[in-house]
Amino acid sequence: MPYFPRILVGGVEVDLSHLEPFTFHVDSELAKKKLRVRALFTTHCFSERYGTIPHGAGDPLIDGDTKKPRTFCPVRFQCSLDLPKMILNLPGSIVRQTSAQRNWVYSTVIDHPAGPYHIFFEVKRSSPDQRTWQDLNLVIESAHPEQDAPPSVRGQKPFALVCGEAYTGNRHPALRGKRRR
C-alpha cells in the first residue's frame, strides 16, 4: 500500500509515489558511526491550508478529518518532485534551528518559482522497536517556496551534527556550557 495514495485533482490523477519513505546514511563523528536515517514526508509538502488557495469543486480535502484541513497545492507539489534529492544532499549541509526549537530548516534556491525553498523537519531517535533497521526518523514537516518572509531562526549547525545529537541525546562537546545571551 502506498504511503500517500494517488489523489484526483481537477479530474486528473496525481501520483505522490516520489514521497515514499526512504533510508539514507549520515556519517556522524559524535555518534561514532554511520547513522541510518529514515525520511518521512507529511501532506504539508504538497498541500496548503484550506482557504488559502482555490479549492476546486469535487477536489479532495487533505487531512479533512482534522481541525486544520488542507487542499492540494500545485506549486508545492511541483517543488516536491525534487524533494527526495534535496533530502539526500542534507548530510553535507548547514541547517538552521527554527524559533520553535524542535524543528530545523534547510533553505535552498530553486528555479521555479524563483526564490528560496524552505524544508522544515524534525530529527528524532527511532523508537526501540525500529532500531534494528534505522537509527533516526527525519520527518519533513513542511516544504514550500518562501511566502512572505524568511523563517525565523535561532542558530545553525551541520546536519550531521544535528543527527549525532539526536542519536546520542547530547550536544556536541565543543558546544556544551555555552550560554545564549
Point to revise | Paramagnetic reach from Glu122 in segment 135-168 [backbone N under 14 Å; point 7 Å along Cα→Cβ] | key: 137-142
Exercise for review: Grab the beta carbon distance between Leu40 and Asp15, set R0 = 22 Å, and tell me the FRET efficiency rounded to 0.05.
Suggested key: 0.75
Check your understanding: Of Pro113, Thr23, Ile53, whose Cα points farthest to the positive end of the dipole of the chain (charges on the beta-carbon: +1 Lys, Arg; -1 Asp, Glu; origin at the Cα centre)?
Key -> Thr23
Exercise for review: With a cut-off of at most 16 other beta carbons within 10 Å, and DSSP calling the residue loop, which chymotrypsin sites (Phe, Trp or Tyr not before Pro) in segment 85-136 qualify? Please list them.
Suggested key: Trp133
Review point. What list of whole percents do you get for P(r) of the chain, with Cα-Cα distances grouped in 5 Å bins up to the one holding the largest distance?
Key: 1, 7, 15, 19, 18, 15, 11, 7, 3, 1, 1, 0
Exercise for review: Compute the length gained on full extension between Leu8 and Lys85: take 0.36 nm times their separation in residues and subtract their Cα-Cα distance, giving the result in nm to one decimal.
Suggested key: 25.2 nm
Practice item. For a footprinting-style exposure proxy, rank Val37, Val75 by other Cβ within 10 Å, fewest first. Key: Val75, Val37
Revision key, fill the gap. Final fewest-first order of Lys67, Lys33 on the 10 Å Cβ neighbour count is Lys67, Lys33
Review point. Against the longest alpha carbon principal axis of the chain, how many degrees, from 0 to 90 and to the nearest 10, is the axis of helix 159-168 turned?
Key: 70
Check your understanding: When a footprinting reagent is the concern and you count Cβ atoms within 10 Å, what order do Leu19, Leu40 take, fewest first?
Key -> Leu40, Leu19
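No value in this document is a laboratory result; all are computed from the given coordinates. Fair warning: this is a prediction, and the values are worked out from it, not measured in the lab. As a convention, Cβ positions derive from the backbone with ideal geometry for all residues, glycine included, and neighbour counts pool all protein chains shown.
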